[in-house]
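Below is one structure, written out as structure tokens; comments come after it.
Every number in this text was worked out from the coordinates using simple rules, so none of it is lab data. Keep in mind it's a predicted model, so treat the numbers as computed, not measured. Cβ sites come from the backbone with ideal geometry, for glycine too, and all protein chains shown count toward neighbours.
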Amino acid sequence: MKVAVVVFPGTNCEQDVVHALRALGGTAELVWHGDADLAGADGVVLPGGFAHGDYLRTGAIARFSPVMTAVDRLAAAGRPVLGICNGFQVLCEAGLLPGALVANRDLRFICRPVHVRVESTASILTAAATVGDVLRLPLNSYEGNYTASAAMLGELAATDRVVLRYCDPCGAVTEEANVNGSLDAIAGVANAAGNVAGLMPHPERASDEILGSTDGVVVLESFLIALRLAAVR
């Protein structure tokens with residue numbers, strides 16, 4: 001079972017993701033955005049960075065990269081597709097996840113650890129977690145403010161597709177804890193099938209004690225579990 005980690009011009013977290021997945025026993029290889037296929041991968045991660053310099057808006061150009069056709073096929077086949085930070089933005093632009101990411105409420109780049117609460121385990125993002133778990137993960141973004149229409153927000157809530165919400169260290173979802181102003185404090189969402197998911201914080205940067213937190217391990221383990229399950233179906 002192999003994970004493709006897609007690299008766009010401007011991606012800068014690809015090696016972090018590869019290292020973290022391999023440390024957990026996964027097989028991960030880099031795939032260039034200009035490639036037309038995913039080299040036989042069973043799942044894919046779109047990592048963080050600044051794809052194409054975030055020109056126009058985040059993910060707007062990356063969405064048209066040749067590799068995204070292969071990502072679309074993998075998602076349609078029910079395979080795990082995960083977007084982290086910039087990768088989350090790309091998945092939203094590609095229509096594989098609902099909503100959009102816009103400029104942070106205070107129009108400032110956020111670079112610090114935040115807390116998120118697990119709201120659902122019905123996706124590849126948190127299948128190994130428990131609802132109510134509080135994770136401390138690094139957040140590094142300027143356009144991480146999640147937004148969606150009122151109708152879509154209602155649908156996400158009704159179908160258990162809000163995966164993570166920003167919270168305080170005790171798990172309370174408060175205005176102060178919602179650091180970027182995301183609608184309904186949403187930090188991560190999934191598609192209807194649960195095999196495509198995205199989050200703004202970086203689990204790969206909280207995957208080893210030397211990094212100050214291992215809270216991201218449960219997210220990456222969830223992805224690898226989904227990968228194994230999808231491979232035997």
*Would you please state the base-10 log of I(q)/I(0) at q = 0.12 1/Å for the stretch 1-120, with intensities from the Debye formula using one equal scatterer on every alpha carbon?*
-0.43
*Relative contact order for the chain using alpha-carbon pairs under 8 Å, separation at least 6, rounded to a whole percent?*
20 percent
_As an exercise, identify the chymotrypsin sites (Phe, Trp or Tyr not before Pro) in the stretch 40-106 lying in DSSP coil whose Cβ has no more than 14 other Cβ atoms within 10 Å._
55
_Looking only at the stretch 2-231, where both bridge partners belong to it, what percent of the DSSP beta bridges are antiparallel (to the nearest 5)?_
60 percent
*asked:* I want the local charge near residue 118. Using Cβ-Cβ distances under 11 Å, sum +1 for each Lys or Arg and -1 for each Asp or Glu among the other residues.
replied: -1
*Pop the C-beta distance of residue 147 and residue 168 into the FRET formula with R0 = 25 Å and round what comes out to the nearest 0.05.*
0.70
*Once the other residues with Cβ under 15 Å from the Cβ of residue 47 are scored (Lys, Arg +1; Asp, Glu -1), what is the net sum?*
-3
*Provide the net charge surrounding residue 131, with neighbours chosen by a C-beta distance below 15 Å and charges set as Lys +1, Arg +1, Asp -1, Glu -1.*
0
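In the stretch 60-146, how does Rg compare with the Kirkwood Rh, expressed as the Rg/Rh ratio over alpha carbon atoms? Don't skip to the answer; put the middle values down first.
Working: Rg = 14.4 Å, Rh = 14.5 Å.
So for the stretch 60-146, dividing Rg by the Kirkwood Rh gives 0.99.
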*Mean residue ellipticity (222 nm) of the chain, computed from DSSP H runs ≥ 4 via -39,500 (n - 2.57), nearest 500*: -6500 deg cm²/dmol
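Restricting attention to the stretch 139-213, which chymotrypsin sites (Phe, Trp or Tyr not before Pro) occupy a DSSP loop and are surrounded by at most 15 other Cβ atoms within 10 Å?
Answer by residue number: there is no such site.
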*By how many nm would the segment from residue 228 to residue 73 lengthen if fully extended, with 0.36 nm per residue of separation less the alpha-carbon distance?*
54.0 nm
_Rg/Rh for the chain, where both radii come from Cα atoms and Rh is the Kirkwood radius_ = 0.93
*By how many nm would the segment from residue 214 to residue 109 grow when fully extended, if each residue of separation counts as 0.36 nm and the alpha-carbon distance is taken off?*
35.4 nm
_Please compute the length gained on full extension between residue 159 and residue 35, using 0.36 nm multiplied by the number of residues separating them and subtracting their Cα-Cα distance._
41.2 nm
*asked:* For a quick size check, give me the Cα extents of the stretch 114-233 along its three principal axes, largest first, whole Å.
replied: 41, 39, 25
